[in-house]
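The values are calculated or read from the model by the stated rules, or taken from the named source; none is laboratory data. Only a predicted model underlies this, so the values are computations on that prediction, with no experimental measurement involved. For neighbour counting, all protein chains shown are included, and Cβ atoms are generated from backbone atoms with ideal geometry for every residue, glycine included. For the accessible areas, the whole protein counts, side chains as well, though only heavy atoms, and no ligand, DNA or RNA atoms are used. Shrake-Rupley method; radii C 1.70, N 1.55, O 1.52, S 1.80 Å.
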Amino acid sequence: MTFSLTVLGTATPYPRPDNPCSGYLLRTGHTAVWVDAGPGTLAALQRHHRPDRIDAVWISHTHADHTADLLPYYYALLFADQRPRAPIPLYGPPGLAARLETFLAGAAPNPAAAAFDVHELHDGHRADVGDLTLTSRAVDHGLPAFGLRATHDGATLAYSGDTGPCPALDDLAHGADLLLCEADGAGPHHCSPEDAAAAGRGARHLLLSHVGHTLTTAEAAERAHAPVARPGEILTIG
């Protein structure tokens, strides 16, 4: 079956009109995985897939522009019209569940486990979700952060998460059909467009995302000699 990437949003560090923050939907004929849940991505997700029928959520790191929509997702799953069959598997960095519970705290505890089956990532973590294999690598973002290599039937998508140049990013990209790479360009723990291009030489194709406010998408594309992901875009992997 076809393996596809749907771009839910690419903005950083806050959502823009018609562009949520970081979020992507990976789908095969049988499996759907939500990758990063930045502000606005839950609404965008609903254009493409039922939130209560997601097979897993994978989170690269705990910065709000990659995680904030986990909070309304929690309420949707437990207190609204969504009807998940069981807690949704949630893969993320150590401490993600505790951070969610801090935000969700009220008159009574709201345990993350009520909505999510939480799995903490580590370097080399591997999970089989339906017919997708998800392999996580620790990357360089100044806090626990991970990139992703998702494989289905011989086709591979690599996703940088947020990171500066590092050997793990090169490993993720090596031999991938597509590298989806951030090009924030701000500071030592992000990639510039040139850094993304260097990592992308290991993959068949490079797609930029998460372009920082100091760059226009046209500037990033020109510097990396690669296209920039567009919200709502759907690409076939492989």
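Observations on the model:
- Calculated P(r) of region 181-238 - Cα pairs past 20 Å, %: 19
- Estimated at the nearest 10 Å², the accessible area of Asp195 is 50 Å² with a 1.4 Å probe.
- Accessible area of His210 in the full protein assembly, 1.4 Å probe (Å², nearest 10): 10
- Scanning the chain for trypsin sites (Lys or Arg not before Pro) in DSSP loops with at most 16 neighbouring Cβ atoms within 10 Å leaves 86-200 as the longest stretch between them.
- Compared with the dominant Cα axis of the chain, that is its longest principal axis, helix 70-79 is turned about 30°.
- Environment charge of Pro84, counting only residues whose C-beta is closer than 12 Å and scoring Lys/Arg +1, Asp/Glu -1: 0
- Under a Gaussian network description of the chain, with springs only between Cα atoms under 10 Å, the residue in His189, His213, His141 that fluctuates furthest is His213.
- Cα-derived Rg over Rh, computed across the chain with Rh taken as Kirkwood radius: 0.94
- Sparse packing (at most 16 other Cβ atoms within 10 Å of the Cβ) combined with a DSSP loop state is found for none of the chymotrypsin sites (Phe, Trp or Tyr not before Pro) in region 1-92.
- Accessible surface of region 82-125, 1.4 Å probe, proportion on carbon and sulfur as whole %: 56
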